[in-house]
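> Quick one: structure below, then a few questions.
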Amino acid sequence: MASNAPAYRAARTIPARRGLAFRLLDDRNFLGIALIAPAAAFLLVFLAYPLGLGFWLGMTDASIGQPGRFIGLRNFISLAHDSVFWLSVFNTLLYTIVASALKFALGLYLALLLNRRLPLKSLVRAIVLLPFVTPTVLSAIAFWWIYDPQFSIISWSLIKLGLIHQYIDFLGSPWNARWSVIAANVWRGIPFVAITLLAGLQTISPSLYEAATLDGAGPWQRFRFVTLPMLSPIIAVVMTFSVLLTFTDFQLIYAITRGGPINATQLMATLSYERAITGGRLGEGAAIADAMVPFLLAAILFSYFGLQRRRWQQGSRD
């Protein structure tokens, strides 16, 4: 009898262990932590660590081949008196604000058009996506050719139409270069905004428009009081991504102008690369990249409050 006691205890512990496993799987908090743990580990390794390393480098005088020493906020103080840095801040804000506003306006208009019953609508949507799926460098090379001072197709067309008498120097004049790279960014970014907003438009119930029509609302009133309120959370999210992608744009600018002429299109991202990699001053380049973080946090907060408004509209407090 006593010899069977260990086997009896082991037989009792197996269901107990199974019961514990089932209870953990039924616990929403534990299950949520278990599912999010791999993603959290991925973000910790590939996002948190580089971000922390960037902040550390920004407070050192590190250069290529030299680990550097801790110098505190000296790099940031130096940037506060750097005219080229402040010019890059101005260029970045101008580039981001104007390009994002144009992408939103044109993308929303395109989404409203695509939301109608059009012939070959699926084909049209696929064509609209082409600028976004085209590699950035190929797009930049195409625009570089379009803006060429001698072979520009835009200048050639305007001359043939008799609207101008000489080729336009798109990339040689500071303000012409600014507007030119903004136009390239808008062309590339409109499909992302349009397709995302189109997906949001298709989630709006047609009964809301029918009720508004019965109440005597016209097209503008239906758009203002039905479409925009229901689409506002999607707008908040898509514009946050648009602002983040535009603010940190590097490839398009570097391939078309490399920050010229005379730093007229130098963005914070390109200036950081120029100082850190081309110039070899890793600490100063990292400090410029660190200075971008407050602007990115502001865009993330904008998205957060947009999501909070969505919850309020749905009557949720979670």
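Derivation of every value follows stated rules applied to the coordinates shown; laboratory data play no part. Small disclaimer: the values here were computed from a predicted structure and weren't measured. Backbone-built Cβ (ideal geometry, glycine too); neighbour counts: all protein chains shown.
> Please work out whether the range 243-295 counts as rounded, prolate or oblate from its C-alpha gyration tensor, where a ≥ b ≥ c are the square roots of the eigenvalues and a/c under 1.5 means rounded, while otherwise a/b larger than b/c means prolate and anything else oblate?
oblate
> When the helix-only estimate is applied to the chain (DSSP H runs of n ≥ 4, each -39,500 (n - 2.57), divided by the residue count), what is the mean residue ellipticity at 222 nm, nearest 500 deg cm²/dmol?
Counting only the DSSP helices, I get -22000 deg cm²/dmol.
> Another question, then. Write down the Kirkwood hydrodynamic radius of the chain, to one decimal in angstroms, obtained as one divided by the mean of 1/r over all alpha carbon pairs.
Details: mean 1/r = 0.0415 Å⁻¹.
Final number for the Kirkwood radius of the chain is 24.1 Å.
> Something else: Could you tell me which of SER100, ILE262, PRO229 has its Cα farthest along the dipole of the chain towards the positive end, charges placed at Cβ (Lys, Arg +1; Asp, Glu -1), taken about the Cα centre?
PRO229
> For all pairs of alpha-carbon atoms in the range 120-191, what percent lies in each bin of width 10 Å, listed from the first bin to the last filled one?
19, 40, 29, 11, 1
> A further question on this structure: Taking a ≥ b ≥ c as the square roots of the eigenvalues of the Cα gyration tensor of the range 66-106, is the shape rounded (a/c under 1.5), prolate (a/b larger than b/c) or oblate?
Here the range 66-106 falls in the prolate category.
> Another question about this same structure. For the range 208-276, state the semi-axes of the equivalent ellipsoid (square roots of 5 times the eigenvalues of the alpha-carbon gyration tensor), sorted largest first and rounded to whole angstrom.
Working from the Cα gyration tensor, I get semi-axes of 45, 12, 7 Å.
> Rg/Rh for the range 149-304: what does it come to with C-alpha atoms and Rh from Kirkwood?
Result: Rg/Rh = 1.13.
> A further question on this structure: Going by amide H atoms built from the backbone, whose H comes under 5 Å of the H on THR60, apart from near neighbours?
Close amide H contacts, sequence-distant or interchain: ILE71.
> Put one equal scatterer on each alpha carbon of the range 60-197, apply the Debye formula with no solvent term, and list log10 I(q)/I(0) at q = 0.10, 0.22 1/Å to two decimals.
Log10 I(q)/I(0), no solvent term: -0.55, -1.24.
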